[in-house]
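Asker: Questions regarding the structure given below will be posed in turn.
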Amino acid sequence: MQVDIGNALAAEADPGISRDALARLDEDVARAHDRIATGRAGEEFGYAALNLPERTDAAEIEATVEPLSDAEAILTVGIGGSALGAATISEALGGLDTEGKAADAAPLYVLDNVDPAHVREILTEVPLDRTAVNVVSRSGTTAETLSNFLVVREAMEAAGVDWTERTVVTTGEAGPLRELADRHDMPALDVPTGVPGRFSALSAVGLVPAAIQGHDIEGLLAGGQRAAESLAPSLFDCPAYAYGAVSYGVAQRGADINAVVPYAERLEFFAEWFAQLWAESLGKDGLGQTPARALGATDQHSQLQLYRAGPRDKLVTMVRPRERADRTIPETDIEGLSYLGGSTLGDLLDAEFEATEASLAAADRPSVRVEIDRLDAECVGELLYAMEAACVLYGELANVSTFDQPAVEWGKRAARGLLGGGEFEEAAAVADKTELVVE
Ligand SMILES: O=P(O)(O)OC[C@H]1O[C@H](O)[C@H](O)[C@@H](O)[C@@H]1O
């Protein structure tokens, strides 16, 4: 993976970071790297995530899902960190919904919301008797996930399918989901200890659907390991830290928003995964950098106007694979279009990428270029790990508590209280809402 931070330098962009400031920041990076290394060595909560490429047992995952390898569809039931990693990996490697049909892998459907219409659509679409269900919850108590799973289970029973035969559970050591798996003797995998959901993509949490689809999960872990080995005490030697440090540096200078723009349809979910990672880890104590999601080249024709000419509060992160399967644009004699003929759609996408980057630089807007070689298992594993390491580094530099999410849990308790799931003072706050209704 390669990161180019040139267009985030103060000489090119406002806000931007000067070379002197970057050199000073590099001293903080060295200290943060030491802290991260200590945390990893002690398997401390959160830091342990950066050991996953070594810790995750690919053979165990493959053996556990083997009885479901004939599945014609996969249904992941989870939310947040228990869904986005799997969706990101399966999409990047080919195998999300309809894309999967073209890619010859069982398509992955993700039930990560409790919108009844969405649930109904998915249950109508998947062949329940030939679907592998993967219910994923670290806590085993998340209301959305458990409710959806109860609905899926009921639908399978109604269709005469033995759901215990078609479900893999991924959960923590204890909790309702673990008890359910034990009671029905279902295949179950562990959410690794010490790893928050949003950092768990390179574990059973993110790898089960890819394993069922026959993707190279060893390759994903090897790519993660390659990024782990690239961690170094200077941002000038480590692409992941260069990205984390520059994001932090420009955020301190006013780039409160980080617009992530992959130039690959198969990385659309990556932007969603990144958004959870960045928002939930770094949005603390009045600090943080708001993730925005876009897709190149499509969103050049919508959001780019704002990114180039709106408030100077954004960093644009442009992500692309350097190689991709390509398709030639047919020659044409249509007047004014002949320049397109003979080049490829990939050439066009790359030209759009470079033109957008230049257009941001010409307007003094900071951007960072993140490139991977191609969209294969190793490069995807490397990208996910590097972004996690970048996030951990940013958290160290900002001195926030990267691995918790108290604000999210507040809302979870309030919703649970409202549904009669126990006494929670957060639920009482709902009744205190101030109204000023206009009809
Ligand atoms: O895996 P679960 O316990 O079901 O949690 C799923 C999600 O729940 C919360 O929203 C947390 O903030 C997320 O970080 C977590 O990924």
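The values are calculated or read from the model by the stated rules, or taken from the named source; none is laboratory data. Note that the coordinates shown come from a computational prediction; the quantities given were computed from them, not determined experimentally. Cβ atoms come from the backbone with ideal geometry, glycine included; neighbour counts cover every protein chain shown.
Asker: Does at least one position in segment 76-85 carry a residue that is away from the ligand (no atom under 13 Å from the Cβ), in contact with a strand residue (DSSP E or B) (Cβ under 9 Å, 6 or more places away or on another chain), among the small types (G, A, S) and not in a strand (DSSP E or B)?
Answerer: No, the conditions are met nowhere in segment 76-85.
Asker: Just to be sure, is L93 within 16 Å of the ligand (Cβ to nearest atom) and crowded, with 20+ Cβ neighbours inside 10 Å?
Answerer: no
Asker: Scan segment 392-413 for residues that are part of a helix (DSSP H, G or I), surrounded by 15 or more Cβ atoms within 10 Å (Cβ to Cβ), in contact (Cβ under 8 Å) with a residue 40 or more places away in the chain and within 13 Å of the ligand (Cβ to nearest atom) and jot them down.
Answerer: K412
Asker: Just need a number here: residues in segment 111-154 that are within 13 Å of the ligand (Cβ to nearest atom) and either assigned to a strand (DSSP E or B) or in contact (Cβ under 8 Å) with a residue 60 or more places away in the chain (or both).
Answerer: Count: 12.
Asker: Right, another one. Sort out which residues of segment 170-199 are in a loop (DSSP other than H, G, I, E, B), over 17 Å from T145 (Cα atoms) and in contact (Cβ under 8 Å) with a residue 24 or more places away in the chain, and write them in order of number.
Answerer: Passing the criteria: P187, P192, T193, G194, V195.
Asker: Return the residue satisfying two criteria in turn: it lies in segment 204-239 and is under 24 Å from D404 (Cα atoms) and in contact with a strand residue (DSSP E or B) (Cβ under 8 Å, 6 or more places away or on another chain), and of such residues it is surrounded by the fewest Cβ atoms within 10 Å (Cβ to Cβ).
Answerer: My answer is A204.
Asker: Quick check, is V65 assigned by TED's automatic domain parsing to the domain that holds A389 and either assigned to a helix (DSSP H, G or I) or not aliphatic (A, V, I, L, M) (or both)?
Answerer: no
Asker: Please tell me if I17 is more than 16 Å from the ligand (Cβ to nearest atom), assigned by TED's automatic domain parsing to the domain that holds D256 and β-branched (V, I, T).
Answerer: Against the criterion (more than 16 Å from the ligand (Cβ to nearest atom), assigned by TED's automatic domain parsing to the domain that holds D256 and β-branched (V, I, T)), I17 qualifies.
Asker: Output the residues belonging to segment 155-179 that are within 14 Å of the ligand (Cβ to nearest atom) and out of contact with any strand residue (DSSP E or B) (no Cβ under 6 Å at 6 or more places or on another chain).
Answerer: Listed by number, the residues that qualify are G172, E173, A174, G175, P176.
Asker: So, in segment 62-86, exactly how many residues are surrounded by 24 or more Cβ atoms within 10 Å (Cβ to Cβ) and more than 14 Å from F199 (Cα to Cα)?
Answerer: Summing the residues that are surrounded by 24 or more Cβ atoms within 10 Å (Cβ to Cβ) and more than 14 Å from F199 (Cα to Cα) in segment 62-86 gives 6.
Asker: (1) over 14 Å from T170 (Cα atoms); (2) surrounded by 24 or more Cβ atoms within 10 Å (Cβ to Cβ); (3) in contact with a Gly (Cβ under 9 Å, 6 or more places away or on another chain): which one isn't true of R138, the others all being true?
Answerer: Of everything listed in (1) over 14 Å from T170 (Cα atoms); (2) surrounded by 24 or more Cβ atoms within 10 Å (Cβ to Cβ); (3) in contact with a Gly (Cβ under 9 Å, 6 or more places away or on another chain), R138 misses just condition (1).
Asker: Do the conditions hold for L123, that is, is it in contact with a helix residue (DSSP H, G or I) (Cβ under 6 Å, 6 or more places away or on another chain) and more than 21 Å from L419 (Cβ to Cβ)?
Answerer: yes
Asker: Another question, if that's okay. From the list V392, V368, V380, which one is among the β-branched types (V, I, T), more than 26 Å from L25 (Cα to Cα) and within 21 Å of the chain's Cα centre (by Cα)?
Answerer: V380
Asker: For R24, state whether it is at pLDDT 95 or above, assigned to a helix (DSSP H, G or I) and under 30 Å from P192 (Cα atoms).
Answerer: no
Asker: Which of the residues that make up segment 263-296 are surrounded by fewer than 18 Cβ atoms within 10 Å (Cβ to Cβ) and either on the phi > 0 side of the Ramachandran plot or assigned to a loop (DSSP other than H, G, I, E, B) (or both)?
Answerer: G283, D285, G286, L287
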